[in-house]
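The values are calculated or read from the model by the stated rules, or taken from the named source; none is laboratory data. Predicted model, so just to flag it, every value in this text is computed and none were measured. Here Cβ is always computed from backbone atoms with ideal geometry, including for glycine, and neighbour counts include all displayed protein chains. For accessibility, only protein heavy atoms count, side chains too; no ligands or nucleic acids. Shrake-Rupley method; radii C 1.70, N 1.55, O 1.52, S 1.80 Å.
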Amino acid sequence: MKLDTTLDRQDVQTAVREVGINPNYWYPLGWAKNLQPGQVMAATVWQQPIAVFRDDTGAVYALEDACPHKGVELHKGEVQGQHLLCPYHGWEFNGDGECVSIPYYPRDRKLPCAQARSFPVREAYDLIWVFPGEAKLAETVPFPEVPEYGDRNWLQVPITGHFGAHFSIANENALDVFHGHLHKNLQGWFDPVLLSLQQNDDSLAADYRVSYKGQMAKFLGLTDSADEVTSRIISVRYEYPHYHSSLEGVSSIHLMRLPVGPTETRSFALFYLKVALPDWFRQLFEKPLVLFVERVLFQRFLNQDIEMMESEQKTYLRDRSRRYVEVNPAIVALQKTILRQYEAYVLSNSVD
Ligand code: FES
Ligand SMILES: [Fe+2]
């Protein structure tokens, strides 16, 4: 692939739909509460299947989802104590992926060296994260920051998304504030203006001014009445490979992205709404309130977005050479960031 500095806008747009990830970042695999002690689950990071298990002490491990014996998927196995057992012949693996027992192997003989690749794994922000790249870099790469997490002034709403689209399409959708038109029946925003755009190698920052009115604006505390029009600044940050935007201290959303494959992306979002709720109210109503915000506010917006992203992907696949016209410089900057990251990874790998 040509370096992105040599690509014109059209080339960038086409190339970005074909690139893989830079695996030397932390990626979310799923919500931590969905993996209880003794459970194992399957996940995929950019075509790399992973078996994630939680042992009986609560520790989480991530192994390549292929038994070193014959390749059977390890997520089909079971957790026993601190080990994962392959479902086929019962070979037993520890959290480092080392085979520590073969049930039918003579006890007095040394076990053959059989190792499933293991990945650095972490739990943070109610999510399980994996580092699919070079393990020795895991500790040096900055971990995503979520300053609102655990702060009682913010109501936290987790939102899960699954799109049949390349991760570039999903991230462009999030960064693209000019699609209020799509959400107009849900009283989305209108009249956006891009105020500033800054970028460097692995991130970009865009500030937009947008207007709101209607019941939704009132619910979010943006206006006192539904008829009133108010303008606010939305600050959007793409810090490869994840996304964050905030609306002037009123709300904030972190979109943690899991690129699964060339036409599939998962998203684990933490949405925060600034609320001053007394503790007694929180205890009684936090769960239904979170459910309401998730189902009523978010899923309906998200479903509209998913339809657009999947439609975009479908048309792209029908004719990969088709030309498109983009007028938002923030989108072009995002595409270049994604390309740069992939190229940096490919380059660093070819040097090794
Ligand atoms: S394939 Fe896993 S133990 Fe045989
Ligand atoms: Fe949208």
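Details
- Filter result (more than 26 Å from Gly161 (Cα to Cα) and open to solvent by 20 Å² or more (accessible area, probe 1.4 Å)) within segment 39-57: Asp56, Thr57
- Once segment 65-87 is narrowed to residues that are open to solvent by 60 Å² or more (accessible area, probe 1.4 Å) and part of a strand (DSSP E or B), the residue that is nearest to Ala42 (Cα to Cα) is Glu78.
- Hey, Ile306 farther than 18 Å from Asp202 by Cβ, away from ligand 1 (no atom under 16 Å from the Cβ), assigned to a helix (DSSP H, G or I) and under 19 Å from the mean Cα position of the chain (by Cα) or not: yes
- Tallying residues that are farther than 24 Å from Ser196 by Cα and surrounded by 13 or more Cβ atoms within 10 Å (Cβ to Cβ) within segment 222-261 yields 8.
- One residue from Arg109, Arg122 being within 20 Å of the chain's Cα centre (by Cα) and basic (Lys, Arg): Arg122
- You will find that of Lys314, Lys336, the residue that is under 23 Å from the mean Cα position of the chain (by Cα), closer than 23 Å to Leu182 by Cβ and away from ligand 2 (no atom under 16 Å from the Cβ) is Lys314 and no other.
- Taken as a whole, segment 167-185 holds no residue that is open to solvent by 70 Å² or more (accessible area, probe 1.4 Å), without any contact (Cβ under 8 Å) to a residue 60 or more places away in the chain and closer than 28 Å to Pro278 by Cβ.
- Residue pairs meeting the criteria (Cβ under 9 Å; at least 6 apart or on separate chains; first of a type in the set (Lys, Arg), in segment 118-147; second assigned to a loop (DSSP other than H, G, I, E, B)): Arg122/Trp26; Arg122/Phe131; Arg122/Ala138; Arg122/Phe143
- Of residues in segment 82-116 being within 17 Å of Ala66 (Cβ to Cβ) and aromatic (Phe, Trp, Tyr), the one farthest from ligand 1 (Cβ to nearest atom): Phe93
- Scan of segment 303-352 for residues that are touching a Gly at 6+ places or on another chain (Cβ under 9 Å), acidic (Asp, Glu) and open to solvent by 60 Å² or more (accessible area, probe 1.4 Å), ordered by number: Glu310
- Qualifying positions in segment 51-74 - within 12 Å of ligand 1 (Cβ to nearest atom) and touching an Asp or Glu at 6+ places or on another chain (Cβ under 7 Å): Ala51, Asp65, Ala66, Glu73, Leu74
- Within segment 195-220, the residues that satisfy the criterion of being touching a residue at least 40 places away in the same chain (Cβ under 8 Å) and either within 13 Å of ligand 2 (Cβ to nearest atom) or open to solvent by less than 50 Å² (accessible area, probe 1.4 Å) (or both) are Ser203, Leu204, Ala206, Met216, Leu220.
- If only residues of segment 246-303 that are of a type in the set (Gly, Ala, Ser) and modelled with pLDDT of 90 or more are counted, the one that is nearest to Asp207 (Cα to Cα) is Ser246.
- Residues being open to solvent by 60 Å² or more (accessible area, probe 1.4 Å) and not charged (D, E, K, R) - total across segment 267-277: 1
- Qualifying strands (runs of 3 or more DSSP E) (wholly inside segment 88-154; at least 2 residues being open to solvent by 30 Å² or more (accessible area, probe 1.4 Å) and not aliphatic (A, V, I, L, M)): 121-124
- Top-ranked residue of segment 323-352 - restricted to ones that are part of a loop (DSSP other than H, G, I, E, B) and of a type outside the set (S, T, N, Q), ranked as farthest from Asp11 (Cα to Cα): Asp352
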